[in-house]
Amino acid sequence: MDKERVRKAIQAGTPVKSIAETEGVTPATVRKFIHDNKIDASKLRGHGRPRAVICLDDGEQFTSSAAAAKKYGVSLCGIHRACKNVRFTSADRHWMYLDDFNALTYKGSEDVLDIVATSNSYRRKRAVINLDTGKVYPSASQAARENYVSVPSIITVCSGRGKHAAGYRWAYYDEYTKDEGKN
């Protein structure tokens, strides 16, 4: 694969699938190349029209994901994934495409915290309880931060595939209260 030719095609806005066919590689290989070389791929979406993003934590708006990624020194893919709700955050900040944000605010919610609470990424958050101390945390990530343990280890215990994380027993709070109601 001729990297310079691929770089020029990306900058010209040529679709990834077309680049892959020309180079005789898979689209995944081209996307990996874009990611590994930190190439501004904003021109690939929508025939060269970048999609504006907003940081929900401070309200700062960017004309493109690339501009946000450059300011915070993170990958472009990280910002996109946070906006698409594949990940919760990028650069420890919450992100949303500006048009999606404006659609939510148009519905009457002016408070950014209300928008964050109704975004898809936050619907996946589940409160967890430390069964040994009785302390309830709003999310596994919060519990992990306060107990110096990884998020997956707490989730593994909550889902019944493990016994302890950080020396404690854990459960999803909604399942725990449901089970308590049965007894």
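The values are calculated or read from the model by the stated rules, or taken from the named source; none is laboratory data. Note that this is a predicted model, so its numbers are computed, not measured. Cβ atoms come from the backbone with ideal geometry, glycine included; neighbour counts cover every protein chain shown.
Identify, please: which residue in the range 95-109 is outside any helix (DSSP H, G or I) and modelled with pLDDT of 80 or more and is, among those, surrounded by the fewest Cβ atoms within 10 Å (Cβ to Cβ)?
Among those residues, the one meeting the criterion is 97.
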What pairs come up if the first residue lies in the range 12-24 and is closer than 13 Å to residue 1 by Cβ, the second is part of a loop (DSSP other than H, G, I, E, B), and their beta carbons are under 8 Å apart, counting only those six or more places apart or on different chains? 20/26; 23/1; 23/2; 24/1
For the structure I just gave you, tell me whether residue 71 is touching a strand residue (DSSP E or B) at 6+ places or on another chain (Cβ under 8 Å), assigned to a helix (DSSP H, G or I) and either modelled with pLDDT of 75 or more or of a type outside the set (S, T, N, Q) (or both). yes
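Restricting attention to the range 46-56, which residues are in contact with a Ser or Thr (Cβ under 9 Å, 6 or more places away or on another chain) and at pLDDT below 85? Break it down into steps so the answer makes sense when it comes.
Narrowing the range 46-56 to residues in contact with a Ser or Thr (Cβ under 9 Å, 6 or more places away or on another chain): 48-53, 56.
Within the range 46-56, 48, 49, 50, 51, 56 qualify.
Only one of 52, 91, 66 is among the aliphatic types (A, V, I, L, M), in contact (Cβ under 8 Å) with a residue 12 or more places away in the chain, within 19 Å of residue 13 (Cβ to Cβ) and out of contact with any strand residue (DSSP E or B) (no Cβ under 8 Å at 6 or more places or on another chain). Can you tell me which?
Working: 52 fails: out of contact with any strand residue (DSSP E or B) (no Cβ under 8 Å at 6 or more places or on another chain); 91 fails: within 19 Å of residue 13 (Cβ to Cβ).
Answer to the selection: 66.
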